[in-house]
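Undergrad: Shown below is the structure under consideration.
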Amino acid sequence: MQARPILAAAALVAGATAFAAPRSPTTTFRYKVNATNHQVIDLSAVGQPEQVTHLVTTTFVTVVSTDSAGGRAVKVIIDSARADTVQSPQPLSPATFDSLRGATATGWVAPNGQIRDVKWTDPRSAPISGVLRALFPRMDPRAKVGDRWTDTTESAGESEGMPPGTSMRRVTNWSVTGEQNVNGVKARRVESAYSQSISGEIPAGGGTMAIDGTGSGTATTLVAPDGRQLGSNSTLTMTLSLTVPQVPEPLPLNLTTTVVVNPIR
């Protein structure tokens, strides 16, 4: 049995944040995303050794934001993607990443900073729809240094970079801890820490596979007054259980993801 790296693109969604502020009708920003995904699945229940996937990727994206219905219509476009390091039980050729070029996802950011109606345009875009949630999470635009708050979000898995058929619940603790100068711009430093649970069923081998588990993560993000993200670092760990038909017991899956996001000047 081979387990597809179901979270290979999750690094694009782990804990980034943005600060909403007045901007021109249409703005365009570009980002470089460096992600490391390490996934281990225990296959002893089917008489096989553990399966390890270690993937380091670099992705360049363009984010377009436009005034719309009192909020902002946003779109993320993959300009290019490449694998820097690949250890996988399944072949991953450069063409796999080249095929992502031009994939898009869209959403709408409400005045309170919450992104809604995240959609992807074709199957290639499903993993990157979480990029929009990463760049535009729920955050009160009036937040200032010293503010702290907690929110709870529930969403379909595919909007978070997870497989279709799953759902996720996340509790996040936020704080605006200070300001620092980034290339001449005074940016807010936003810290977040969250816990989450995931459950559901996904297609597997002509049938379905149940997935259930928990995770936690942290992020530090620098945000300009006009809403641009000026850099972030985030981590995510997840412990999952996969229940597969005809397999006597659930298969444990552990995932660790780290992400560094930098704007392209």
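Undergrad: Could you give the Stokes-Einstein D for segment 72-122 in µm² per second, using the C-alpha Kirkwood radius, 4 °C, 1.567 mPa s?
TA: Working: Rh = 13.1 Å.
My calculation gives 99 µm²/s for D.
Undergrad: Using a 1.4 angstrom probe with every protein chain in place, what is the largest-first accessible-area order of 151, 212?
TA: Numbers: 151 15, 212 90 Å².
Largest to smallest exposure gives the sequence 212, 151.
Undergrad: Using the eigenvalues of the Cα gyration tensor, what equivalent ellipsoid semi-axes result for segment 150-265 when each is taken as the square root of five times the eigenvalue, whole Å, largest first?
TA: Numbers: eigenvalues 251, 36, 29 Å².
Each semi-axis is the square root of five times an eigenvalue, giving 35, 13, 12 Å.
Undergrad: For 97, 60, write out the residues from largest to smallest accessible area, computed with a 1.4 angstrom probe and no ligands counted.
TA: On the way: 97 25, 60 45 Å².
From most accessible down to least: 60, 97.
Undergrad: Just tell me which lysines come within less than 18 Å, Cα to Cα, of residue 75; anything on the same chain fewer than 8 places away is out.
TA: Once the sequence-local lysines are set aside, what remains near residue 75 is 32, 119.
The values are calculated or read from the model by the stated rules, or taken from the named source; none is laboratory data. Computed from a prediction, not measured in an experiment: that's the story for all the values here. Only protein heavy atoms, including side chains, enter the accessible area calculation; ligands, DNA and RNA are left aside. Shrake-Rupley method; radii C 1.70, N 1.55, O 1.52, S 1.80 Å.
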